[in-house]
Amino acid sequence: MIERKIVEQKIKEFEVEEFVAKNLKGAGHSKTLLQKTPLGEKIIISAAKPGMIVGRKGENINTLTKTLKKKFNLENPQIEIAEVENINLDPKIVAERIANTLENYGSNRFKGAMHRAVEDVISAGALGVEVLISGKIPSSRARTWRAFKGYLKKCGDIAITGIKKAYSTANLKTGAVGIIVSIMTPDVVLPDNITIKKVGDAQVEGGVVEEVTQKEELQEAKKEVEKVPKTDDKKIAKSKEKKPEAKIIKETAKKTIKKAEKKTVKKTVKKK
């Protein structure tokens with residue numbers, strides 16, 4: 001029973017979104033969310049032009065509320081309108097814009113519409129974009145055209161959760177043409193994007209190669225060498241006696257210096 005209710009709710013949400021998208025084609029419709037509240041159903045409509053949804057003195061929004069109430073048997077529908085901040089980073093609006101261009105100007109200018117949309121998305125700050133148009137365009141034989149720019153993940157978790165994808169349809173004389181737009185927004189954090197903030201005592205920035213030396217270890221080792229009293233190495237080598245304690249300390253200190261010098265790190269950080 002619970003599963004049936006969930007499925008029915010999801011079907012209703014899909015039908016409401018489809019109905020709203022058809023009625024608000026010129027308003028730059030992005031998405032519609034249906035939420036249940038104690039007072040009734042709350043319908044949140046995201047669009048590029050909220051003024052067109054409201055209409056003069058709220059005529060359009062009142063008509064839409066009454067229609068939704070009758071058609072989908074909603075108790076007390078309350079429509080809330082949210083404006084899309086950046087229309088060029090919303091794949092649904094971009095796909096609708098390409099579909100409107102194809103319907104208004106025909107299939108002759110489909111390449112220009114694709115590349116213009118790609119450039120607008122990249123200039124808005126997106127990491128990558130891909131536009132696919134499939135159908136009988138421009139000839140009578142169906143085929144798929146692709147335009148892309150930037151970096152776009154095709155597999156893994158980022159491809160599922162980090163990439164926004166939307167579909168739209170343009171109805172032409174030759175038939176229906178499908179449009180798919182995929183956008184990787186600038187707020188996506190890639191798992192392989194590593195930034196090194198500090199290495200040792202030096203600050204490393206993007207594109208800079210710095211040599212970082214372990215200064216403290218070298219300084220301590222040199223101080224130890226200075227403390228050791230001077231000895232005649234040649235006499236000690238000739239004599240059969242064991243090495244004095246001063247000589248052992250000196251050799252140990254020199255080895256420490258060599259180890260510290262070997263720990264010199266070279267880090268190269270790629271530019272973003």
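Of the strands (runs of 3 or more DSSP E) lying entirely inside the range 116-193, those containing at least 2 residues that are closer than 12 Å to Val94 by Cβ are 128-135, 163-172, 175-184.
Scanning the range 64-93 for residues that are assigned to a loop (DSSP other than H, G, I, E, B) and among the polar types (S, T, N, Q) returns Asn73, Asn76, Asn86. Does Leu172 satisfy the criteria of being touching a helix residue (DSSP H, G or I) at 6+ places or on another chain (Cβ under 8 Å) and not assigned by TED's automatic domain parsing to the domain that holds Ile98? Spelling it out, it is not the case that Leu172 is touching a helix residue (DSSP H, G or I) at 6+ places or on another chain (Cβ under 8 Å) and not assigned by TED's automatic domain parsing to the domain that holds Ile98. When you check Glu96 against the structure, is it buried (at least 16 other Cβ atoms within 10 Å of the Cβ), modelled with pLDDT of 85 or more, among the acidic types (Asp, Glu) and assigned to a helix (DSSP H, G or I), yes or no? Criteria met by Glu96. I'd like to check something: does the range 184-194 contain any residue that is closer than 24 Å to Ala21 by Cβ, among the aliphatic types (A, V, I, L, M) and at pLDDT 90 or above? Yes: one or more hits.
Within the range 7-25, residues that are under 20 Å from Thr169 (Cβ atoms) have Cβ atoms under 8 Å from residues that are of a type in the set (D, E, K, R) and surrounded by 12 or more Cβ atoms within 10 Å (Cβ to Cβ) in these pairs: Glu17/Lys31; Lys25/Glu96, counting only partners at least 6 apart in sequence or on another chain.
Matching residues to (1) acidic (Asp, Glu); (2) modelled with pLDDT of 85 or more; (3) farther than 26 Å from Ile87 by Cα:
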site: Leu33; (1), (2), (3): no, yes, no
site: Leu39; (1), (2), (3): no, no, yes
site: Ile43; (1), (2), (3): no, yes, no
site: Ala47; (1), (2), (3): no, yes, no
site: Lys57; (1), (2), (3): no, no, no
site: Ile61; (1), (2), (3): no, yes, no
site: Leu64; (1), (2), (3): no, yes, no
site: Lys69; (1), (2), (3): no, yes, yes
site: Glu75; (1), (2), (3): yes, no, yes
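Going by the structure shown, is Lys42 in a loop (DSSP other than H, G, I, E, B), surrounded by fewer than 16 Cβ atoms within 10 Å (Cβ to Cβ) and assigned by TED's automatic domain parsing to the domain that holds Lys69? So Lys42 does not fit the description; no. In the set (1) part of a helix (DSSP H, G or I); (2) among the polar types (S, T, N, Q); (3) surrounded by 13 or more Cβ atoms within 10 Å (Cβ to Cβ); (4) outside the structural domain of Pro138 (by TED's automatic domain parsing), the condition left unmet by Thr101 is number (4). Tell me yes or no: at least one residue of the range 29-36 is over 17 Å from Ala166 (Cα atoms) and in contact with a Phe, Trp or Tyr (Cβ under 7 Å, 6 or more places away or on another chain). Checked against the condition, which is being over 17 Å from Ala166 (Cα atoms) and in contact with a Phe, Trp or Tyr (Cβ under 7 Å, 6 or more places away or on another chain), the range 29-36 yields no hits at all. When Glu83, Glu75, Glu119 are checked against the criterion of being in contact with a strand residue (DSSP E or B) (Cβ under 8 Å, 6 or more places away or on another chain), of a type in the set (Asp, Glu) and under 26 Å from Leu190 (Cβ atoms), Glu119 stands alone in meeting it. Taking first residues from the range 64-84 that are closer than 16 Å to Glu18 by Cβ and partners that are among the acidic types (Asp, Glu) and not in a strand (DSSP E or B), the Cβ contacts under 9 Å between residues at least 6 apart in sequence or on separate chains come to Lys71/Glu15; Phe72/Glu15.
If I filter the range 143-152 for residues that are over 24 Å from Leu172 (Cα atoms), at pLDDT below 95 and touching a Ser or Thr at 6+ places or on another chain (Cβ under 8 Å), do I get at least one hit? Checking the range 143-152: at least one residue is over 24 Å from Leu172 (Cα atoms), at pLDDT below 95 and touching a Ser or Thr at 6+ places or on another chain (Cβ under 8 Å).
The values are calculated or read from the model by the stated rules, or taken from the named source; none is laboratory data. From a predicted model like this one, the values you see are computed outputs, not experimental measurements. So basically every Cβ, Gly included, is an ideal-geometry build from the backbone, and we count neighbours across all protein chains shown.
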